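The values are calculated or read from the model by the stated rules, or taken from the named source; none is laboratory data. Fair warning: this is a prediction, and the values are worked out from it, not measured in the lab. Cβ: placed from backbone, ideal geometry, glycine included. Neighbour counts: every protein chain shown.
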Amino acid sequence: MSKIVTVFNEKGGSGKTTTTCQLAGTLGLRGYDVLVADLDPQETSSRWLAAQREGARFPATIWSGYRYGANVTTELQALSAKYEIIVADCAPSIENPATWGTLLVSDLALIPTKLNPPDIAALEAAKRMAKKAQDQSGRTFPVRILPNAARLHFKDDKAALDGLTRDKEYPPFPFILGDRKAFTRAMLYGCTAHDLPNSEESVIEIERLADAVLKLLGLPTKHKKGSR
C-alpha cells in the first residue's frame, strides 16, 4: 500500500502546489511510482503537469481527486494499491471535505508556510485540524511545518522561523525552501527545478526535503525497482 503525504494549509499562496509538485517530481526521479492527487478545484497541480515542454520530464501521474469531495478517502485507498507514494495538493481551506478525508488516511502531513504574519497566524488552524485528524483516525502520523519562499537575510523572517522552532509538537523541518525563482518557474515548463538551468541551489533544497520525507515515511532514499 502506498504512503500518503498530505500538503495542506488554509492560507492561499502558502506554497502548497509548489511543494507538492517539486516533492512529487523529485520522488519520481528517485525511482518511486508517484501519484499527485490534485484536491484543489483550481487544478493548479494539474496545469503544472500538463505544461510539459519538449525535453521536460515529470515522473509522476496526476489525478483530479477534488471531484470526489468527501468520498476521496475511499478513492485514495483504492489508488493506494497502484502507487508507492501519493502526494496530495489540498485546497486553500481546512474546511474542504477532501482535505479532511485525506488527513484521516495520511502517513505524513506537511504544512507549507511563508514567514510573514498572516501565514504564521494561519498555522494554528492547520495544526488544530491535524491534531483532530490524528485523534479521530487513531493514527499518530507525523506533522511538519515547511517554511518556504524564506528570506533569512531578512530580520523578520529569521525571527518568525525562530518562533516556529519552539513548537515541539508540530516542529518545522531543520531547513527551509528559499525564495528561489526555479521553484515556481518550473511550472511554466511542467518540470521540477532539476530541469532548469542555474538551479543548483534549488535542487539541493528540494532533494534535502525529499530525503527528510522518505525518512519520515520509513522508505529508502532511492527506490530499487522490483523491491516492491
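Within region 182-194, none of the residues are in contact (Cβ under 8 Å) with a residue 24 or more places away in the chain, of a type in the set (D, E, K, R) and either touching a helix residue (DSSP H, G or I) at 6+ places or on another chain (Cβ under 9 Å) or surrounded by 14 or more Cβ atoms within 10 Å (Cβ to Cβ) (or both). Of everything listed in (1) of a type in the set (Phe, Trp, Tyr); (2) surrounded by fewer than 24 Cβ atoms within 10 Å (Cβ to Cβ); (3) under 28 Å from LYS181 (Cα atoms), the single unmet condition for TRP100 is (3).
Rundown of residues vs (1) of a type in the set (Asp, Glu); (2) within 20 Å of LEU209 (Cα to Cα); (3) part of a strand (DSSP E or B); (4) without any contact (Cβ under 8 Å) to a residue 60 or more places away in the chain, yes/no style:
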site: LYS11; (1), (2), (3), (4): no, no, no, no
site: THR17; (1), (2), (3), (4): no, yes, no, no
site: GLN22; (1), (2), (3), (4): no, yes, no, no
site: TYR32; (1), (2), (3), (4): no, yes, no, no
site: VAL36; (1), (2), (3), (4): no, yes, yes, yes
site: ARG67; (1), (2), (3), (4): no, no, no, yes
site: GLU75; (1), (2), (3), (4): yes, no, no, yes
site: ALA78; (1), (2), (3), (4): no, no, no, yes
site: ILE94; (1), (2), (3), (4): no, no, no, no
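Among the conditions (1) surrounded by fewer than 17 Cβ atoms within 10 Å (Cβ to Cβ); (2) at pLDDT 95 or above, the only one that LEU146 does not satisfy is (1). LEU49 fulfils the conditions (1) touching a strand residue (DSSP E or B) at 6+ places or on another chain (Cβ under 6 Å); (2) crowded, with 23+ Cβ neighbours inside 10 Å; (3) modelled with pLDDT under 95 except for a single criterion, (2).
Of everything in region 149-165 that is touching a helix residue (DSSP H, G or I) at 6+ places or on another chain (Cβ under 8 Å) and part of a helix (DSSP H, G or I), the residue that is surrounded by the most Cβ atoms within 10 Å (Cβ to Cβ) is ALA160. Take the conditions (1) modelled with pLDDT of 95 or more; (2) in contact with a strand residue (DSSP E or B) (Cβ under 8 Å, 6 or more places away or on another chain); ALA182 misses just one of them, which is (2).
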